[in-house]
Structures are given as C-alpha cells and as structure tokens.
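S.K.: Here it is: the structure, laid out below.
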Amino acid sequence: MARRMFRIARMGSRARLRPDLRISEADPAPQGQRTLRSSERLLIQVKARQQRLYGARWASATLPPPREEAVQADAETSASSASHSRSSMSNPRLRTLAKPGFAVRALNNLSYGATPTSIAEFNALGGNDFQRLANWVDWQLDWTSIDDSALDARLASAGYTTLGKSLTQLWADHIKADPEYDVRMRPAWEVQRAAYVRATHSRRQLREVIANFWHAHFNVMGSDFSAGPVFVHYDRDVIRANATGNFRTMLEAVASSTSMLYYLDNLNNSRAGPNENFARELLELHTLGVDNYLGFMDPFLVPKCPEDPAYPIGYTDIDVYETSAAFTGWSAKNGHWEFPAENDGTFVYRQSWHDAGPKFLLGMMVYPEQPALKDGRDVLDRLASHPRVAKFICKKLIRRFINDTPKQALIDSAAAIFRANWKHPQQIEITLRHILNSDDLYNSWGQKIRRPFEATVAAMRVLGQDWTLRLDHGKSDEFMWRVGYTGHTAYNWPSPNGYPDTAVSWSGANSFAMTWKLLNWMTETKDAEVPMSPILDATRAGVASWTADNLVAFWCRRVLGYQPTAARKSVLARFMAQNGNAATDVIADTDEWSANDLKKHYNQQRLRSMVSLILLSPEFQTR
C-alpha cells in the first residue's frame, strides 16, 4: 500500500515480442482449427513466460472466504477491535444521545452539517420524510441546476488565482518556468484551502461530500512536490468532473492524469524499466480491494468468482505485474531527455516504451501488438465490470454515508445496480440515489463520528462564519497551522490509501484534543478585530432575554439542530448561570470583571465558551 519505489526485478527487459511468441500466420490447418491452435499455443507461451519471469514455484494462497463467512469475520474483527479500544480507555461509558429530527440526521450524513437554513430547505421539499429525502437527493444530484455563483465570487475576491488555469497553463506557470517554491506549490495550496471554503459555503453540498470521497479513494497527496503544481487539474478535471458520472471513465481519467502519473510513478513505467506502483494500487485500492488479494499464486489456478464465473474471484501478484506491463508507456509530456520538445504536462502514450507482448491477467488474455492504449483500456474495462469491484466501491460509499459496518444486503443491492450500469454515463449518480434513499440511511443516526475536517467545516457553517480562508493571509495561515495538528488537512494524506473513514481511526486523544482546540479557537479569535465567529451578533438577534436557559436552548438549536437531553442542557445552563438562577436571572451583554459575583463575570467570554462546549459535545461530534 505504501509507495513502492523499487523497480520490478522480475520482469527484466521484455524489450520486444520475441519471434517465438508470435502467432503464426502460415498455419496450414483449416481456419477454425488454426484459431484454436494459435490460441492454445499463445496460452502455453504465456504460461512459460510467466514461469520464467515470476518464478516456477507458486505460494499457496488463501482464497477470500464465502460472503457469509466474510461478513461474520468482519463483525468479529470489528467487535474485537472495539473491545480492545474500549479496554484501553479509562472508565469507558456508553452514551445514549437524544435522537434529532430526520432533517438533521439526513443533512448531517449527506452534507457538511445541518444549518437552520438547510433544515428549512429540506423540510419544505415534501409532505413526509421519505418524500423530502428523495427530493433533496434529486435536487443535489442535479448539481448544475444549483446556483453557486456566490461561492465562485467569494473565491475570486479572496485572491484565488490558479483554480481556473488549464493543465498547460499550470505546467507553464508552475513547473516549466521553474519558479520559487511558493509559486510552484500555490495550485495545491489553493485547492486545499478552497476545500474548506467550498464545504462551508457551497450550496452544492452533496457534490462536495462526494468529491472529497473520491479524493480519498483515488488519493494523491496535494502537497507532493511533483503532483502539487498541477493539482488543480486533478481536482477539477478528474475528480469533480466525474464525481457523479461513470466509474470506468473516472478510472481512465485518473490513470492518465499528470498528478497520478507522478504520484504513483507510472510516468516512467516502461518495458526497459517497469514500475508496479500504480498497477498495485489500481487493484488494491482503486478497484478490487485488499480483501480480494490472493498473494503470489498461479493466476491460471484462481477460482471463478461466484457472482460471475466469467471473472476470477480475486487478483494475484502476477496480475499486478501484468497490469504494470499493460500500462507501460502511459506518461506525460515533461521534457524527458528522449523527447525534450514535448513539455506541456499533458498525457502522452509512448509506443516505444510499451511492452507489446502477450499478457494474462484477471482471467483474460491480452493479445500481443494491440493498438495504442488498448492493453491498459482492456484492463480498465475488466475491472470496471468486475462484480467484486462493484461491491468494494459500494461498501465504501455506504460506509461514508451511513455507518462503519455496512449491511451486506445493501452492499449487494447497490453493487447490482452499479454493475448493471457500468457503461451508463451517470452510473455513480444512479447508484448513489439507491444508497441515499435506502432504509439503512433513513434509520442511521449516531453511527459515525465527524472526522476533524468534517467537524471543522460543520462548526464554521453553524457559527455563521463569513470570513474566507485564503493564501497570503495571516489568520488563514494560523488556521491551517492549527488544522495540521488534527491530522486531517484536506488532501494531505501521504500514502495512496487516503484518509481512513472509520471511527476507530479518529478516536485517539490527539485527534480529539487538537480538533477541540481548533473549534474553541474559532469561537474566540478575531481577524482584523472582526470575530471569526459572530456569536454575539447571532445571540443579540436571536435571544430576547439572556437567561442561561434561553441562551443554552438557542445555541443548542443552532449548533445541533435539536435540543439534547435535559441532563446535558442542565450542565451547560449551570456553567452559563454560575451562581445565578438559570431560569430567571438575566445575563447582561457585557464583558466586565466581577470575580466576587461570577454570574456577572466576563459574560461575553462565558457565552462564547458555552458555545464552544456544545461544539465539543458528543452530540456535535457524532452524525
């Protein structure tokens, strides 16, 4: 899974297709027999070549268990992991949270957090919860019909200068010109900071969630020195352009993107110097998943897939090596010494670098001397139509939107739709509509925690922040510095597997503590004497009588979208009231020192701290 920088010694130099591997054109047998004999001869030759290149001894492999056994094993592993995690905590306690209204539950899972405005929009979309959910999903999936010009204007006025540049412009300005480091990396840094602006202010909320899902799935570290200067192209033209479209189309867009070619080293993958990095992650992370990895075994002995016997049940190391060979020659015009005049950063297929020999992978024969790009495209077709790929992708989508342990029934039904539409231009949209309107989503609540990025932008939304994160700005730099300590800076995960999306990965003390510190800082800090979070202005506009009970009720409704348990509100009210009466004493809109009468002591600061406590609560950190 980690980036493998070594070259593949197993392949040597398959410089050209040897004459003895070619299919004879002068076979005297009748046409039908000639085809059969040619295919048999080619199969024998491929087997012999694989034995020679990859070794004559095959390690025994453990096949993926039947579906029922796999589900049971996953459940046992999850239980064991949870038990281990709980046993390492001090006095663990299970919290039962109040259940909010359906609009809040749905929006917290499908967007970057429910707000008073988005709740009102959702509730106006139908006469019952199911109708409102279906209409909201349809509205958000038709994202081009949603006016987001205010977001575009916000980004433009904040000095974002690279988000509209073409790939060739990015290459010319940020690589070919050999600029200073800050100029070189500006495109990546703008995409990273724009992620927070978009998640907070975009009206196309579902699109933002889905785009970031695919960013993690097809992970490229934005701050990578080579990929960063053209990361705008990857974000805009590869991920966002295909986020709700066709998975097969997205696979090829990713495989041929300059950022991915650099990040996973396929840029220089050639028959003379093969590199398996991209091929392995294509199978292990992007399509089949590690659960379908069979190790180093004879690919001709891989059992058939129960869902469709035309496909193998999983993939082997030999499939990785053969996939690597299929993608030799997929590169970019980067001024390589062999082609110095080609230097604009766009994709190029170098026929002279391609291993044109016969290959056997994923249970199919790839014939020799095929037209340009066809070897790689045949592999992508095979993967995009594979039943286990459909299940792998759908399981991850369900995990993102519903819970960490998706039900097999929903995985199966979603995968059937995903695979049946593998050639449809809106395949992903069709699959999402099925998942997002499911009973599993309708009944989900409290089964996911907000990761640091999600908690941060959810807080920015409910606090009504109107400032814009940007480059060349001191407060923005401080924000990103603090974000870095949470471990969840946008598009900054160094390894190819992307940020994890399960609670156990984000339940450590550092992750929680650094996120809490960031949220608390946002309630207190100012930018040029303007509060980042207009807590006082919102309170003045929304609460007529500042009793502790009224203040707590107002901010619980605003931040959480509902009222938590009486016990939770009582703790908050006692903090706000101090030595006063939470129901009757009116707290003055002042910020004076009064240590001898705590109910009058630094009232405005205490109000901001009370809001911060709500942001740090399990109710806010859970979705």
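S.K.: Sorted by packing (mean other beta-carbon atoms within 10 Å per residue), highest first, where do 387-398, 597-608, 461-472 land?
M.R.: 387-398, 461-472, 597-608
S.K.: Let me ask you something else. If contacts are Cα pairs under 8 angstrom and at least 6 residues apart, what is the relative contact order of the chain in percent?
M.R.: For the chain, the relative contact order is 17 percent.
S.K.: Need one word for region 202-351: rounded, prolate or oblate. Basis is the Cα gyration tensor (sqrt eigenvalues a ≥ b ≥ c); a/c below 1.5 gives rounded, then a/b vs b/c decides. Show your work: numbers first, answer last.
M.R.: On the way: a/c = 2.37, a/b = 1.18, b/c = 2.02.
Taking the square roots of the gyration eigenvalues as a ≥ b ≥ c, region 202-351 is oblate.
S.K.: With the other protein chains left in place, how much accessible area per residue, in square angstrom, belongs to the chain at a 1.4 angstrom probe?
M.R.: Ligands and nucleic acids excluded, the result is 42 Å² per residue.
S.K.: If you count, for each residue, the other Cβ atoms within 10 Å and average over each peptide, how do 144-155, 220-231 line up from highest to lowest?
M.R.: 220-231, 144-155
S.K.: Among Ser259, Pro358, Trp555, which residue has its Cα furthest toward the positive end of the charge dipole of the chain, with +1 on Lys/Arg Cβ and -1 on Asp/Glu Cβ?
M.R.: The Cα lying farthest towards the positive end belongs to Pro358.
S.K.: Can you give me the C-alpha center-to-center distance between region 173-203 and region 520-599, rounded to a whole angstrom?
M.R.: Taking the Cα centre of region 520-599 as reference, the centre of region 173-203 is 38 Å away.
S.K.: Explain nothing, just the number: dipole magnitude of region 192-268 about its Cα centre with +1 on each Lys and Arg Cβ and -1 on each Asp and Glu Cβ, in debye rounded to the nearest 20. Can you show the working numbers first?
M.R.: Details: 8 positive and 6 negative charges, 93 e Å.
Value, rounded to 20: 440 debye.
S.K.: Can you tell me the order of 314-324, 423-433, 102-112 when each peptide is scored by its average per-residue count of other Cβ atoms within 10 angstrom, highest first?
M.R.: So the peptides 314-324, 423-433, 102-112, ranked by packing, come out 314-324, 102-112, 423-433.
S.K.: Suppose a student asked you for the relative contact order of region 143-208, using Cα pairs under 8 Å spaced at least 6 residues apart; what percent would you report?
M.R.: RCO, region 143-208: 46 percent.
S.K.: With only Lys, Arg, Asp and Glu charged, each at its Cβ (+1 for the first two, -1 for the last two), find how big the charge dipole of the chain is about the Cα centre; round to the nearest 20 debye. Let's see the in-between values first.
M.R.: On the way: 74 positive and 66 negative charges, 199 e Å.
Charge dipole of the chain: 960 debye, to the nearest 20.
S.K.: Let me know the charge dipole size of region 106-184 about its Cα centre in debye, to the nearest 20, where only the beta-carbon of Lys, Arg (+1) and Asp, Glu (-1) is charged.
M.R.: Value, rounded to 20: 80 debye.
S.K.: Just list whichever of Lys517/Lys600; Lys304/Lys448; Lys396/Lys475 have alpha carbons separated by over 30 Å in the model shown.
M.R.: Check vs 30 Å cut-off fails for Lys304/Lys448; Lys396/Lys475.
S.K.: Another question, if that's okay. Rounded, prolate or oblate: which fits region 154-275, taking a ≥ b ≥ c as square roots of the Cα gyration tensor eigenvalues, rounded meaning a/c under 1.5, else prolate when a/b beats b/c? Could the numbers behind the result be given before it?
M.R.: On the way: a/c = 2.25, a/b = 1.18, b/c = 1.90.
Verdict is oblate for region 154-275.
S.K.: With all protein chains present, how much of the accessible area of the chain (probe radius 1.4 Å) comes from carbon and sulfur, to the nearest whole percent?
M.R.: Of the solvent-accessible surface of the chain, carbon and sulfur hold 54 percent.
S.K.: Is any helix in the chain, taking whole DSSP H runs, at least 24 angstrom long along its axis by alpha carbon and on average at least -1.0 on the Kyte-Doolittle scale, and which ones? Please report the intermediate quantities before stating the final value.
M.R.: Values: long enough: 31-54 (34 Å, -1.07); 67-87 (30 Å, -1.05); 181-201 (29 Å, -0.75).
Sorted by number, the helices that extend far enough and score high enough are 181-201.
S.K.: Between Ile449 and residues 5 or more places away or on another chain, which pairs have amide H atoms under 5 Å apart, with H built 1.01 Å from N, and which residues are they?
M.R.: Those lying under 5 Å, H to H, from Ile449 are Ala503, Arg623.
The values are calculated or read from the model by the stated rules, or taken from the named source; none is laboratory data. Remember, it's a predicted structure, so these values are computed and weren't measured experimentally. For neighbour counting, all protein chains shown are included, and Cβ atoms are generated from backbone atoms with ideal geometry for every residue, glycine included. Please note that ligands, DNA and RNA were not included when accessible areas were found on the heavy atoms of the full protein model with its side chains. Shrake-Rupley method; radii C 1.70, N 1.55, O 1.52, S 1.80 Å.
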